[in-house]
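Heads up: the structure comes next, in structure tokens.
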Amino acid sequence: MSEILVLVEHVDGEVKKVTLELLTLARSLGAPAAVWAGPGYSETARARLAEYGAEKVYVAGDQEIVDYVVVPKAELLAQLVAGKSPAAVLVAATAEGKEIAGRLAVKTDSGVLTDVVGLGAGFVADQSIFGGGVNVRSRVTKGTPIVAVRPNSTAPQAAAGAAEEEQVSVTLSDAARAARVVERVKQEKGARPELTEAAIVVSGGRGVGSAENFAIIEKLADSLGAAVGASRAATDAGWYPHQFQVGQTGKTVSPQLYIATGISGAIQHRAGMQTAKTIIAINKDSEAPIFELADFGVVGDLFQVVPQLTEEIEKRK
């Protein structure tokens with residue numbers, strides 16, 4: 001089977017869930033080969049990659065790869081594409097991942113597809129484009145397909161792989177050293193899952209009314225083991241931190257369940273969440289655009305509906 005390169009997303013040596021999704025997707029199309037960029041590789045990481053089907057693991061553990069911004073990873077992948085001739089390269093459709101995909105496409109003279117939510121035979125991709133307003137099917141017609149896949153668009157499934165390790169190195173160009181990382185600030189990880197990786201997201205919007213009122217959104221999220229999101233109106237008002245904004249200018253999420261509370265459903269917000277598998281909307285305005293997108297809708301006051309919903313969920317635990 002043809003080899004498919006998967007760029008590993010990892011933090012402090014821990015493999016992120018989106019990588020397991022990419023390995024699962026790659027396994028349906030060829031032989032997954034994980035690419036580990038930067039320090040932190042361990043036997044634990046190898047075992048995790050093997051658990052989800054990685055047949056090979058290319059390890060480039062140089063500190064220099066993470067000392068500079070984005071370009072070293074693109075150059076590493078370009079080197080592997082030239083040397084290994086893979087059938088495709090899969091990366092996560094994060095802000096960094098999409099930039100890596102674009103740079104890699106230029107370096108390898110290949111086509112690139114971003115915001116992919118499905119990938120089938122012949123590397124035909126399902127894409128959500130133009131701010132989520134249009135869904136299309138596309139494929140790369142030149143070079144090696146470079147595909148950036150949205151987190152949560154594939155359910156990770158374990159299937160043992162050999163995970164044969166191969167050490168590789170990359171010689172960075174002067175261009176790769178143009179932007180250096182001068183400081184890292186570690187954000188303390190809370191009990192809730194990371195927003196872009198969560199299977200369930202509960203978001204609040206303008207209808208929440210204040211920062212204090214977001215407590216009821218958080219309580220519902222915690223009852224479901226969910227992440228908390230917010231609309232641009234809520235973050236711009238200072239009610240919730242900007243890193244939790246869902247939308248075209250915020251983060252894109254594709255959870256199994258998305259609960260929109262007090263969110264009207266403007267196109268800017270819909271662009272960031274409309275690929276969710278199931279959408280529930282709670283809004284007192286029956287004409288709110290969010291209901292056009294929702295699978296289930298509740299027309300009512302969120303300050304009555306959300307506490308009742310949380311109470312019923314707690315009863316069933």
Those residues of the stretch 1-34 which are in a loop (DSSP other than H, G, I, E, B) and surrounded by fewer than 24 Cβ atoms within 10 Å (Cβ to Cβ) amount to MET1, SER2, GLU9, ASP12, GLY13, LYS16, SER28, LEU29, GLY30
Matching residues, the stretch 205-228, being outside any helix (DSSP H, G or I) and over 19 Å from GLU312 (Cβ atoms) = GLY205, GLY209, SER210, ALA211, GLU212, ASN213, ALA227, VAL228
Could you tell me which of the residues ARG137, ARG206, ARG150 is within 30 Å of ILE290 (Cβ to Cβ), surrounded by 14 or more Cβ atoms within 10 Å (Cβ to Cβ) and not assigned by TED's automatic domain parsing to the domain that holds GLN268?
-> ARG150
Mind checking which pairs have a first residue in the stretch 224-239 that is touching a residue at least 60 places away in the same chain (Cβ under 8 Å) and a second that is crowded, with 23+ Cβ neighbours inside 10 Å, Cβ under 9 Å, 6 or more apart or different chains?
-> LEU224/VAL202; LEU224/ILE259
Filtered residues of the stretch 176-203 (kept if in contact (Cβ under 8 Å) with a residue 60 or more places away in the chain, surrounded by fewer than 11 Cβ atoms within 10 Å (Cβ to Cβ) and aliphatic (A, V, I, L, M)) = ALA178, VAL181
What number goes with the only condition from (1) touching a residue at least 24 places away in the same chain (Cβ under 8 Å); (2) farther than 16 Å from ARG206 by Cα that ILE263 does not pass?
-> (2)
Please find, within the stretch 259-273, the residue that is nearest to VAL134 (Cα to Cα) out of those that are aliphatic (A, V, I, L, M) and surrounded by 24 or more Cβ atoms within 10 Å (Cβ to Cβ).
-> MET273
Give the residue, chosen from ALA281, ALA294, ALA276, ALA288, that is touching a Ser or Thr at 6+ places or on another chain (Cβ under 7 Å) and under 21 Å from ALA198 (Cβ atoms).
-> ALA276
Please find, within the stretch 154-167, the residue that is nearest to VAL18 (Cα to Cα) out of those that are under 20 Å from the mean Cα position of the chain (by Cα) and of a type in the set (Gly, Ala, Ser).
-> ALA155
Could you figure out which of (1) in contact with a helix residue (DSSP H, G or I) (Cβ under 9 Å, 6 or more places away or on another chain); (2) assigned by TED's automatic domain parsing to the domain that holds VAL71; (3) of a type outside the set (D, E, K, R) isn't true of GLN167?
-> (1)
Unique match (being touching a helix residue (DSSP H, G or I) at 6+ places or on another chain (Cβ under 7 Å), outside the structural domain of SER128 (by TED's automatic domain parsing) and within 25 Å of SER153 (Cβ to Cβ)) among ALA221, ALA271, ALA230 = ALA230
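Residues checked against (1) modelled with pLDDT of 95 or more; (2) closer than 17 Å to LYS16 by Cα:
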{"site": "THR144", "(1), (2)": "yes, no"}
{"site": "VAL147", "(1), (2)": "yes, no"}
{"site": "ASN152", "(1), (2)": "no, yes"}
{"site": "ARG180", "(1), (2)": "no, no"}
{"site": "HIS242", "(1), (2)": "no, no"}
{"site": "THR249", "(1), (2)": "no, no"}
Every residue from the stretch 87-109 that is among the small types (Gly, Ala, Ser) and more than 11 Å from the chain's Cα centre (by Cα) | ALA87, ALA88, ALA101, GLY102, ALA105
Hey, which of the strands (runs of 3 or more DSSP E) in the stretch 229-317, taking only ones fully inside, have at least 2 residues that are of a type in the set (S, T, N, Q)?
-> 278-283
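The values are calculated or read from the model by the stated rules, or taken from the named source; none is laboratory data. Predicted model only: the values in this text are computed from it and were never measured. When we count neighbours, we look across all protein chains shown, and the Cβ atoms used for this are built from the backbone with ideal geometry, even at glycine.
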